[in-house]
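Remarks on the structure that follows.
The values are calculated or read from the model by the stated rules, or taken from the named source; none is laboratory data. Just so it is clear, the structure is predicted and the values come from calculations on it, not from any experiment. Note: ideal-geometry Cβ built from the backbone for every residue, glycine included; neighbour counts use all protein chains shown. Side chains included, ligands, DNA and RNA excluded: accessible areas come from the protein's heavy atoms. Shrake-Rupley method; radii C 1.70, N 1.55, O 1.52, S 1.80 Å.
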Amino acid sequence: MSTTLPRATISPLQKAIWITAGMMLAVIATLAFSQTWSADAAPGDDDATYVAIPNCRAFDFRPGQLPGGGKKTPLGPNQTHTQQITGAVGDCSIPNSAVGVAMNVTVANGTAQSNLRVFPGDLPTAPTVSNLNWMPGDAPTPNKVDVKLSPAGTINIYNQNGTVDVIGDIVGYYTSESLQQLNQNVEQLFDSLPFSVTETANPIPLTQLVVAPLSIVDVTVTAPVAGDVVVHSSAVVGQAVPGSTVSCFINDSVDIDMAHLQRYEADDHSKFGSIAGHRAFQLAAGETRTFHLVCIEGGGGPDGTVGAISLTAAFTPAA
């Protein structure tokens, strides 16, 4: 029986771990916003980190020039060529985990005033923004180009007018693997944080007890990893008959457990008092368990009452 929403408490250990987690998340945010194609995505979606590599030539459209494979003819007017980037291509070996590359792109032997556009291989049309521009007869013209890869690891290269040879040298690539791993580490860190959940009940009038076990309040915990749960309880109890008792127990079932008895006996001067106790449980990773404060009337008729009840389950990951 629960009457209010859970209320978590934060220990100094939690605060220290959360500060560490915040620093790790700050690293993620810094890396994410530094990329040109970031769009408020979660780590591993569109954000990436840069990995510099020794310069390598991935392609050269000029006949007779190394590397020997791939396209060896000029790019024609209004023509788009899809170029593989990941894998063993030309003199390069770019991992399949790459989501983008940093390149020096050079155009040579242009026959007309034109522009070159480099864009992801899964986009159907060329963007309106050019990466290189030239006039016929110009010397070879280079420019730095960062481009996102298609899921297949390709880019598209578009030429507007005339014919032109294109050379591509890769100087580095972008990968989301490190951010994904960092994100997993942060998730695992939060999974292993201690936490507590509290349920309270303050019935007015007070709950009337009977001789049968009654669950007064309960709290449910799901363990993200294997760990220990210590359940603390407190309550105000009453007995109208001196010498009569109210007994409560913390249990993971609605049963009496005399090994964890909390007992109040009324005297001639006070008909109300308080009881409190705690009990430890072990939970396996992913296990969900509900803990109860079970109370019973201890004799003298149905005069026992209970109220102002609090049940807190504090979870601590196993060492």
Taking segment 82-122 as the search range and keeping residues that are over 19 Å from LYS71 (Cβ atoms) and of a type in the set (A, V, I, L, M), which one is surrounded by the fewest Cβ atoms within 10 Å (Cβ to Cβ)?
ALA112
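For segment 255-271, how many residues meet the condition of being among the hydrophobic types (A, V, I, L, M, F, W, C) and under 17 Å from SER310 (Cα atoms)?
Here is the first cut: in segment 255-271, the ones among the hydrophobic types (A, V, I, L, M, F, W, C) are 256, 258-259, 261, 266.
Within this subset, residues satisfying the condition of being under 17 Å from SER310 (Cα atoms) are 261.
Of the residues in segment 255-271, 1 are among the hydrophobic types (A, V, I, L, M, F, W, C) and under 17 Å from SER310 (Cα atoms).
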Find all pairs meeting these conditions: Cβ atoms under 8 angstrom apart; at least six residues apart or on different chains; first residue within segment 54-77 and closer than 19 Å to ASN115 by Cα and of a type in the set (Gly, Ala, Ser); second residue part of a loop (DSSP other than H, G, I, E, B) and open to solvent by 10 Å² or more (accessible area, probe 1.4 Å).
GLY76/THR163
Restricting attention to segment 244-272, the residues that are part of a loop (DSSP other than H, G, I, E, B) and of a type in the set (A, V, I, L, M) number exactly 3
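Is it the case, given these coordinates, that SER130 is surrounded by fewer than 19 Cβ atoms within 10 Å (Cβ to Cβ) and within 20 Å of ASN55 (Cβ to Cβ)?
Numbers: surrounded by fewer than 19 Cβ atoms within 10 Å (Cβ to Cβ): yes; within 20 Å of ASN55 (Cβ to Cβ): no.
Taking the combined requirement at face value, the residue does not satisfy it.
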Restricted to segment 61-87 and to residues being aliphatic (A, V, I, L, M) and modelled with pLDDT of 95 or more, the residue nearest to the chain's Cα centre (by Cα) is ILE85
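Among the residues of segment 71-103, what is the count of those that are in a strand (DSSP E or B) and either more than 23 Å from ALA152 (Cα to Cα) or aliphatic (A, V, I, L, M) (or both)? Talk me through it step by step, then tell me what you get.
First, the residues of segment 71-103 that are in a strand (DSSP E or B): 75, 79-84, 87-89, 92-94, 98-103.
Then drop every residue that is not either more than 23 Å from ALA152 (Cα to Cα) or aliphatic (A, V, I, L, M) (or both), which leaves 75, 88-89, 94, 98-99, 101-103.
Selection size over segment 71-103: 9.
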Pick from PHE249, PHE272, PHE281: which is open to solvent by 50 Å² or more (accessible area, probe 1.4 Å) and of a type in the set (Phe, Trp, Tyr)?
PHE272
Of the conditions (1) under 19 Å from VAL51 (Cβ atoms); (2) modelled with pLDDT of 95 or more; (3) assigned to a loop (DSSP other than H, G, I, E, B), the single one that ILE155 does not satisfy is (3)
Within segment 284-298, residues being closer than 16 Å to VAL237 by Cβ and either assigned to a loop (DSSP other than H, G, I, E, B) or open to solvent by 40 Å² or more (accessible area, probe 1.4 Å) (or both) number 1
Could you tell me whether any residue of segment 133-142 is open to solvent by less than 10 Å² (accessible area, probe 1.4 Å) and of a type in the set (A, V, I, L, M)?
no
If you check every pair at least six apart or on different chains, which have Cβ atoms under 6 Å apart with a residue in segment 225-243 that is under 10 Å from LEU311 (Cα atoms) and part of a strand (DSSP E or B) first and a residue that is open to solvent by 10 Å² or more (accessible area, probe 1.4 Å) and polar (S, T, N, Q) second?
HIS232/THR312; SER234/SER310
Just the residues that are touching a Phe, Trp or Tyr at 6+ places or on another chain (Cβ under 9 Å) and open to solvent by 30 Å² or more (accessible area, probe 1.4 Å), please, taken from segment 223-235.
PRO224, ASP228, VAL230
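Based on this model, can you work out whether GLY238 counts as open to solvent by less than 10 Å² (accessible area, probe 1.4 Å) and at pLDDT below 90? Steps first, please.
Values: open to solvent by less than 10 Å² (accessible area, probe 1.4 Å): yes; at pLDDT below 90: yes.
Yes, satisfied.
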Condition met for THR106 (in a strand (DSSP E or B) and not aliphatic (A, V, I, L, M))
yes
Looking across segment 252-268 at residues that are free of Cβ contacts under 8 Å to residues at least 40 places away in the same chain and either at positive phi or of a type in the set (D, E, K, R) (or both), the single one that is surrounded by the fewest Cβ atoms within 10 Å (Cβ to Cβ) is ASP268
